[in-house]
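**Q** Can you keep this structure in mind? I'll have questions shortly.
The values are calculated or read from the model by the stated rules, or taken from the named source; none is laboratory data. From a predicted model like this one, the values you see are computed outputs, not experimental measurements. Every residue, glycine as well, gets a Cβ built from its backbone with ideal geometry; the counts of neighbours run over all protein chains shown. Heads up: the accessible areas ignore ligands, DNA and RNA and are worked out on the full protein's heavy atoms, side chains in. Shrake-Rupley method; radii C 1.70, N 1.55, O 1.52, S 1.80 Å.
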Amino acid sequence: VFFRKYTQQESKRLGLHGWCMNTERGTVQGIMEGEESKIKDMKHWLQNTGSPSSRIEKAEFTNEKEIQDYNYSGFSIKR
């Protein structure tokens, strides 16, 4: 359903940094860095929109913390 591709596109549109990847459990996980308001927008997108063909059953966000400097440049898809 190209969820990672659309996640990358939306992250870039919002100016976020980080990565996403498929897991062996058939889920997607990742890391996001950016402005708090943009992170909030991305979380809403992940919970409610996703890729056009996706069916989102649940979105969990864990280990959230405020950072001062970004650790990632851009937003990538890991394999």
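**Q** Take Trp45 and tell me if it is part of a helix (DSSP H, G or I) and closer than 16 Å to Arg4 by Cβ.
**A** yes
Each row is one residue, and each column tells you yes or no for (1) buried (at least 16 other Cβ atoms within 10 Å of the Cβ); (2) within 12 Å of Ile77 (Cβ to Cβ); (3) modelled with pLDDT of 95 or more.
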| position | (1), (2), (3) |
| --- | --- |
| Glu10 | yes, no, yes |
| Leu16 | yes, no, yes |
| Arg25 | no, no, no |
| Glu33 | yes, no, yes |
| Ser37 | no, no, yes |
| Trp45 | yes, no, yes |
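**Q** Go through (1) open to solvent by less than 90 Å² (accessible area, probe 1.4 Å); (2) assigned to a loop (DSSP other than H, G, I, E, B); (3) of a type in the set (Val, Ile, Thr) one by one and return the number of the condition Thr62 breaks.
**A** Answer for Thr62: the failing condition is (1).
**Q** Separate question: Test Ile56 against the criterion of being modelled with pLDDT of 95 or more and not acidic (Asp, Glu), and give yes or no.
**A** no
**Q** Based on this model, can you work out whether Gly50 counts as at positive phi, part of a loop (DSSP other than H, G, I, E, B) and open to solvent by 40 Å² or more (accessible area, probe 1.4 Å)?
**A** For Gly50, the condition - at positive phi, part of a loop (DSSP other than H, G, I, E, B) and open to solvent by 40 Å² or more (accessible area, probe 1.4 Å) - is not met.
**Q** What are the pairs with Cβ atoms under 8 angstrom where one residue, in segment 2-14, is free of Cβ contacts under 8 Å to residues at least 40 places away in the same chain and the other, located anywhere, is in a helix (DSSP H, G or I)? Sequence gap at least six, or different chains.
**A** Pairs found: Glu10/Met42; Glu10/Trp45; Leu14/Lys38; Leu14/Asp41; Leu14/Met42.
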